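Reviewing the structure listed below.
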Amino acid sequence: MGYLKRHSAFGYLIRATRRLLPEVRMGTTRIIKKYPNRRLYDTEESRYITLADVRSLVLDGVNFAVIDKKSDANITRCVLLQVICEQEQNGEAILTEGFLSQVIRIYGNADAMQMADHLEDSLNRFLAHQNNFSRDPSQFHSKPETPKTP
């Protein structure tokens with residue numbers, strides 16, 4: 001399994017947060033509750049889960065929302081960031097310190113949402129390119145053009 005296929009979930013993480021927030025669609029969204037003891041509880045499977053299980057949900061394309069049990073706040077983005085942090089620590093890191101520093105600097109800037117949209121669009125194009133390449137690598141081999149004669 002290639003490096004990019006293992007990490008293509010990153011694109012889904014971005015899309016999932018945009019879809020789930022600001023509202024949680026109760027009928028189609030799996031609810032994960034986060035208790036004050038930091039444990040995550042999957043209400044569909046009636047069991048406690050780990051960040052690795054959350055990552056599996058992302059990789060499987062499951063729509064879910066993480067709700068703080070105490071405040072009823074949607075904390076999906078925070079939990080997804082924890083999944084990314086765990087991947088960065090335990091897997092092959094794909095986010096450089098420089099990139100992360102730049103992301104931190106953009107917070108509070110008027111262009112923050114524009115940057116977020118640009119990152120999402122760029123990642124979607126990258127993943128689409130990778131998907132197309134994996135389906136038919138021959139289409140990316142350049143063929144020399146033959147001169148057209150009038």
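Every read-out reported here was derived from the displayed coordinates using simple, explicitly stated rules and does not represent laboratory data. This one's a predicted model, so the numbers in the text were calculated from it and none came from an experiment. Neighbour counts are summed over all protein chains in view; Cβ atoms, including those assigned to glycine, are modelled from backbone coordinates with ideal geometry.
Descriptive notes on the structure:
- ³J(HN,Hα) computed for each position of the range 100-114 - Karplus, 6.51 cos²θ - 1.76 cosθ + 1.60, integer Hz, glycine/proline x: 4, 4, 5, 4, 4, 5, 6, 4, x, 7, 4, 8, 4, 5, 5
- The chymotrypsin sites (Phe, Trp or Tyr not before Pro) of the range 30-120 meeting both criteria, a DSSP state outside H, G, I, E and B (loop) and at most 16 other C-beta atoms within 10 angstrom of the site's C-beta, are Tyr107.
- Taking the charge dipole of the range 96-135 about its Cα centre, with +1 at Lys and Arg Cβ atoms and -1 at Asp and Glu Cβ atoms, the residue from Met115, Ser101, Phe126 reaching farthest to the positive side is Phe126.
- Interchain or long-range residues, amide H under 5 Å from Ile49's placed H: Leu40, Tyr41, Asp42
- Sparse packing (at most 15 other Cβ atoms within 10 Å of the Cβ) combined with a DSSP loop state is found for the following GluC sites (Glu not before Pro) in the range 32-131: Glu44, Glu45, Glu92.
- Cβ crowding within 10 Å, taken as a proxy for footprinting-reagent exposure, orders Lys33, Lys70 from fewest neighbours to most as Lys70, Lys33.
- For Ile67, residues with placed amide H under 5 Å, excluding near neighbours: Ile32, Lys33, Lys34, Ile75
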